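A.B. asks: Encoded as structure tokens, here's the structure I'll be asking about.
The values are calculated or read from the model by the stated rules, or taken from the named source; none is laboratory data. Source: prediction; values computed, not measured. Here the Cβ positions follow ideal geometry from the backbone for every residue, glycine too, while neighbour counts run over all protein chains shown. For the accessible areas, the whole protein counts, side chains as well, though only heavy atoms, and no ligand, DNA or RNA atoms are used. Shrake-Rupley method; radii C 1.70, N 1.55, O 1.52, S 1.80 Å.
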Amino acid sequence: MGKAAADGLIFIEGSGQTYATSTTYEESMLAAGGSLALVDSLMSVAGPRPPIGFALIRPPGHHAVPAGPCVFGNVAIAARHAQRAHGLKRVFIIDFDVHHGNGTQDAFYDDPDVFFCSTHQDGSYPGTGKMRQVGTRDGEGTTLILPLPGGSGHAAMLTALEEVIVPSCLKFKPDILLVSAGYDAHVLDPLASLQFTTATYYHLASTIKQLAREVCNGSCVFFLEGGYNLDALSLSVADTFRGLLDDEESRAKLTDDPAVLYEEPLVGVRRAITEIKAIHSL
């Protein structure tokens, strides 16, 4: 960051086209601080059901490791803050970005009180995130990695949600849900080849909302991660908001184009889901 401040623009070695500018550090501080402030706001609301939060922040942070391209791991920092500042014990993190959240996984790989659950495109950047990675030492069993084959879309993600993510969360019984909400799995996003649609994100949001109400009195915060087609990103985030609100219908039928979709590799998806369920006794 010092070099970026001095030179104005640097490309971060080994991370493709990831770059930093003279203001990246300040912006990253604002993103991480905004994440903590949102958790604080959620925890300050009295009553039987707190509102769900969504941190519209950039830059994203789930790749943040000591030598990695992200500056701060926003969701990881928020998880620790929820525990240390608000006395919450168990945190469940859902990461549905198209890329594996290697930084978040590394932060909690031996931690029994933080469950990290990641779906991502198999073989995508940064090349990490394997099904047999389940945690280590006291944290064994609290990491669940489900790589999805390229071409996986709405049906694949909703099946993974219903058969893997929801049962894992019910089993773990967290005090709060945190969501790394990446929108680069959208079919129109240029960085990978999954086929999520606006409707997919609506169903993810509405299901996670109900899950949070069932396991932790509704305590849930979403954090913006990837998403690089601005039209798809804006439409999907808006439909996420509708999914988080009660009695709001999706507008995906007005925006999603079925003509851009192709057949999902559901045989490979079923194979992956069957294997992960066996690994985690689901």
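A.B. asks: Pop out the ³J(HN,Hα) list for the range 35-41 in order, Karplus 6.51 cos²θ - 1.76 cosθ + 1.60 with θ = phi - 60°, rounded to Hz; leave Gly and Pro as x.
C.D. replies: So the Karplus estimates, Gly and Pro as x, are 4, 5, 4, 5, 4, 4, 4 Hz.
A.B. asks: What order do Lys209, Lys277, Lys130 take when sorted by accessible area (1.4 Å probe), most exposed first?
C.D. replies: On the way: Lys209 10, Lys277 55, Lys130 95 Å².
Final ranking, largest accessible area leading: Lys130, Lys277, Lys209.
A.B. asks: Length gain on complete extension for the stretch Arg271 to Glu140, per 0.36 nm per residue less the alpha carbon to alpha carbon distance?
C.D. replies: Working: separation 131, 0.36 × 131 = 47.16 nm, distance 2.30 nm.
Separation in residues times 0.36 nm, less the Cα-Cα distance, equals 44.9 nm.
A.B. asks: Quick check: residue separation of Ala238 and Leu56 times 0.36 nm, minus the Cα distance between them. What number comes out in nm?
C.D. replies: Numbers: separation 182, 0.36 × 182 = 65.52 nm, distance 1.14 nm.
Here the answer is 64.4 nm.
A.B. asks: Let me know the number of lysine pairs in the chain closer than 19 Å at the Cα, not counting same-chain pairs under 8 apart. Walk me through the numbers before you get to the answer.
C.D. replies: Values: Lys89/Lys171; Lys89/Lys173; Lys130/Lys277; Lys171/Lys209; Lys171/Lys277; Lys173/Lys209; Lys173/Lys277.
Lysine pair count for the chain: 7.
A.B. asks: Could you pull out which residues in the range 83-105 have an amide N less than 12 Å from a spot 7 Å beyond the Cα of Lys173, following the Cα-Cβ vector?
C.D. replies: 90
A.B. asks: At a 1.4 Å probe radius, which order do Thr274, Thr200, Thr207 fall into by accessible area, largest first? Walk me through the numbers on the way to the answer.
C.D. replies: Values: Thr274 80, Thr200 0, Thr207 50 Å².
Ranking Thr274, Thr200, Thr207 by accessible area, largest first, yields Thr274, Thr207, Thr200.
A.B. asks: Using a 10 angstrom cutoff on alpha carbons, build the Gaussian network for the chain and name the most mobile of Glu162, Glu263, Glu214.
C.D. replies: Per the Cα network of the chain with a 10 Å cutoff, Glu263 tops the list.
A.B. asks: Along each of the three principal axes of the Cα atoms of the chain, give the extent in whole Å, ordering the values from largest to smallest.
C.D. replies: 50, 44, 40
A.B. asks: Here is a further query. State in Å² the accessible area per residue of the range 1-280; use a 1.4 Å probe, count heavy atoms of protein chains only, and round to the nearest integer.
C.D. replies: Values: 12370 Å² over 280 residues.
Normalised by residue count, the accessible surface of the range 1-280 is 44 Å².
A.B. asks: For Thr200, what is the net charge nearby, where nearby means another residue's Cβ is under 10 Å from its Cβ and Lys, Arg count +1, Asp, Glu -1? Intermediate results must be reported in sequence, preceding the final value.
C.D. replies: Details: positive: none; negative: Asp239, Asp256.
Result for the local shell: -2.
A.B. asks: Looking only at the range 230-247, which residues have a backbone nitrogen under 13 Å from a spot 7 Å from the Cα of Asp257 in the C-beta direction?
C.D. replies: Under cut-off, by backbone N: 231-232.
A.B. asks: I would also like to ask the following. Work out how much length Met29 to Asn217 would gain on full extension: take 0.36 nm times their residue separation and subtract the Cα-Cα distance, in nm to one decimal.
C.D. replies: Working: separation 188, 0.36 × 188 = 67.68 nm, distance 2.97 nm.
Full extension of this stretch gives 64.7 nm more.
A.B. asks: Out of the total accessible area of the range 1-280 (probe 1.4 Å, heavy atoms of protein only), what percent is carbon and sulfur? Write down the numbers at each step before the final one.
C.D. replies: Details: 6760 of 12370 Å².
That fraction is 55 percent.
A.B. asks: Could you check the spin-label model distance between Arg84 and Glu248? Points 7 Å from the Cα along Cα→Cβ, value in nm.
C.D. replies: That separation, rounded to one decimal, is 3.3 nm.
A.B. asks: Whenever you get a sec, line up Val221, Val267 from highest to lowest accessible area (probe 1.4 Å, protein heavy atoms). Please report the intermediate quantities before stating the final value.
C.D. replies: Values: Val221 0, Val267 110 Å².
Output order, biggest surface exposure first: Val267, Val221.
A.B. asks: Then there is this: Considering the chain as a Gaussian network with a 10 Å cut-off on Cα pairs, which listed residue, Ser234, Ser152, Ser44, attains the greatest mean-square fluctuation?
C.D. replies: Looking only at Ser234, Ser152, Ser44, the biggest GNM fluctuation is shown by Ser44.
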